[in-house]
Amino acid sequence: EGAWSNSELDITLTVLKPYYLEWWFIGFVALLFASAVYWVIQFRIKKLAADKKKLEQTVNERTAQLKQSISEQSALLLEKDVLMKEIHHRVKNNLQTVVSLLELQSENLSDDALSAIHDSQNRIYAMSLIHQKLYQTDNIASINMQPYLLELMNHLQASYNPERTINFDFQVAPTELA
């Protein structure tokens, strides 16, 4: 009542732990941390799935472009083959026409001119033969000279003197001529 008393007063003070050391607060923080980790992982998974989808779409587009390019190249190769056959056919026809014209010309010529015409025919045959050998191979950039020279030699042997037998000593190593 406003006066001093001689007896001691017993007051118990209890000091509580700070709230951040309480089990419920630690549990709440752990739950909050786990939730944040979960949402970060979910965000990364969605981002990776979107990136994967973009990559798959890019791969599909490029695959389609490559397939189209391959089909266009196949068409061009087919067209090239057709054109090469046409060129070969025309060259062969032109060489045959020249040989036929020379044959017609040779009917009215003397022996010296006839010999020159015959030499020209043999040269044209040599060109025709090499053209044929190049066309028959897969690689038109080179030709195996051994069969070419053997066939050319047989033609020349038959065309120059069919009554006489000419012996050739044919020794040619297999050589690719480019």
Q) In nanometres, what is the gap between the two model label sites at residue 24 and residue 6, each 7 Å from Cα along Cα-to-Cβ? A) 4.7
Q) In straight Cα distance, which aspartates and glutamates are under 17 Å from residue 67, not counting same-chain residues fewer than 8 positions off? A) 56
Q) What are the ³J(HN,Hα) values, in whole Hz, obtained from phi via the Karplus relation 6.51 cos²θ - 1.76 cosθ + 1.60 with θ = phi - 60°, for each residue of region 14-23 in sequence order, with x given for Gly and Pro? A) 9, 9, 8, 5, x, 4, 6, 9, 6, 4
Q: Mind ranking 170, 33, 28 by accessible surface for me, highest first, 1.4 Å probe?
A: 33, 28, 170
**Q.** J(HN,Hα) series, region 36-46, from Karplus relation 6.51 cos²θ - 1.76 cosθ + 1.60, nearest Hz, glycine and proline x
**A.** 5, 4, 4, 5, 5, 5, 4, 4, 5, 4, 5
Q: Return one whole number: the accessible area per residue of the chain in Å², for a 1.4 Å probe.
A: 87
Q: Quickly estimate the mean residue ellipticity at 222 nm for the chain, helices only: each DSSP H run with n ≥ 4 gives -39500 (n - 2.57), and the total goes over all residues, rounded to 500.
A: -26000 deg cm²/dmol
**Q.** Per-pair calculated FRET efficiency, R0 = 35 Å: residue 84 and residue 158 via Cβ, rounded to 0.05
**A.** 0.70
Q) Gain in length, residue 47 to residue 171, computed as 0.36 nm per residue apart minus the alpha-carbon separation, to one decimal in nm? A) 37.2 nm
Q: Please name whichever of 32, 117, 16 sits farthest to the positive end of the charge dipole of the chain, dipole taken about the Cα centre and charges placed at Cβ: Lys and Arg +1, Asp and Glu -1.
A: 16
Q) What's the Cα-based Rg to Rh of region 45-90, Rh via Kirkwood? A) 1.48
Q. Angle between the Cα long axis of helix 145-160 and the longest principal axis of the chain, 0 to 90 degrees, nearest 10?
A. 20
Q: For the chain, restrict the atom set to alpha-carbon positions and state the Rg and Dmax in Å.
A: 49.0, 168
Q.
So if each residue of separation counts as 0.36 nm, and I subtract the Cα-Cα distance between residue 74 and residue 142, what length gain in nm does that give?
A. 22.1 nm
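The values are calculated or read from the model by the stated rules, or taken from the named source; none is laboratory data. Note that the structure is predicted; figures quoted are calculated from it, not measured. Because the Cβ atoms are built from the backbone with ideal geometry, glycine has one as well, and the counts that use them run over all protein chains shown. Just the protein is used for accessible areas: all its heavy atoms, side chains included, with ligands, DNA and RNA removed. Shrake-Rupley method; radii C 1.70, N 1.55, O 1.52, S 1.80 Å.
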